[in-house]
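Here's the structure, in C-alpha cells; my notes come after.
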Amino acid sequence: MNPARTRFPRHGAPPAYAGTEDAPALGWSRIAPQSGVAVELSPGDRLTVLDPLGEQVSDLYLVAAGDVAEVFSSGRTTDFGNSVYVSTGSQLWSNRSRVMAEVVDDTVGVHDLSLTPCSQATFDVLYPELGGAAHPSCFANLCDALAPFGVEPDRIGTTLNVFMDVWTDGRGELHIDPPPTRPGDLFTIEARMPVVVGVTACSAEKSNNGRCTPIDWRVERA
Ligand SMILES: [Zn+2]
C-alpha cells in the first residue's frame, strides 16, 4: 500500500459537491474525459481540481506566464520539500528554483511526482493489447492546451499527477493503484507567480480503475 495513505490519513467524507455525471456544479467548469485545458493564474489566485465521480487522475503542469522556459520541476519539488509527496502546505518549485504555487487544500493526500504524463508512447509500450492504435493522452492534451501560450512539447516534463496512487515496494518496483478519490474530493493550489497551468482528465484507463471520467475545476481570483 502507498505509504501516503497512512501519512495523510483521511478523516470523514469528502466535501459535499452538487455536480453530477451530466454536469458540474454551478460555478465550476468541466474537463471532459480524456481531455485538458489551460488556466491562467495571477499571484494569489486559487485553482481547485475536483474529482466529481471518483477514481480519476488529473495531471497538472505549470509554466511561468512571462517566460515559458521556466516550468514546474518535480525534482526540485521533492528535493526542497524533502518528500516524494505533496499535500497541504507543500510548495511547487520551478526549474529555476522559484516557488510557482503552494498547495492550500487537499482532501486526499495521495498524488504522484514521479511519472511523466501519459502519452501515445505510454500506450504503445504499456498497453500492447491496443496494437499501437491512436489513443488520447495527457501529454497530447497538455501540448494542445499550452501551445497557444508558446509552450513547445519538449518543455513538458514530469507532471504533478493529482490523485494518482503510485508507490514503490521494498525492491523498488513500481505499483499503480486506483485513485483513492471519492466524488467531491479536491486539491487546491494558490499561485505565487503568474503561471499558466495545464490541467487534464487523465486518459489512461489503467490509472483510473478502468474508466476515464471528467475532472471539474474552478478559479477563485485573489
Ligand atoms: Zn494521463
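Scanning segment 152-174 for residues that are touching a residue at least 24 places away in the same chain (Cβ under 8 Å), more than 16 Å from the ligand (Cβ to nearest atom) and under 16 Å from ARG5 (Cβ atoms) turns up just one, TRP167.
For segment 106-151, a residue qualifies if it is more than 11 Å from the ligand (Cβ to nearest atom), in a loop (DSSP other than H, G, I, E, B), touching a residue at least 24 places away in the same chain (Cβ under 8 Å) and not hydroxyl-bearing (Ser, Thr, Tyr), and the qualifying residues are VAL108, GLY109, VAL110, HIS111, LEU113, GLY150, VAL151. Taking segment 1-33, which residues are among the charged types (D, E, K, R) and modelled with pLDDT of 90 or more? If the condition is that a residue be among the charged types (D, E, K, R) and modelled with pLDDT of 90 or more, then GLU21, ASP22, ARG30 are the ones that fit.
Of the residues making up segment 193-208, those that are surrounded by 17 or more Cβ atoms within 10 Å (Cβ to Cβ) and either more than 18 Å from TYR17 (Cβ to Cβ) or away from the ligand (no atom under 11 Å from the Cβ) (or both) are MET193, VAL195, VAL196, VAL197, GLY198, VAL199, THR200, CYS202, SER203, ALA204, SER207, ASN208.
Return a yes/no flag: does segment 176-186 have any residue that is in contact with a helix residue (DSSP H, G or I) (Cβ under 7 Å, 6 or more places away or on another chain) and not in a loop (DSSP other than H, G, I, E, B). Looking for residues that are in contact with a helix residue (DSSP H, G or I) (Cβ under 7 Å, 6 or more places away or on another chain) and not in a loop (DSSP other than H, G, I, E, B), one finds at least one in segment 176-186, hence yes.
The values are calculated or read from the model by the stated rules, or taken from the named source; none is laboratory data. These figures come from a predicted structure and were not determined experimentally. Because the Cβ atoms are built from the backbone with ideal geometry, glycine has one as well, and the counts that use them run over all protein chains shown.
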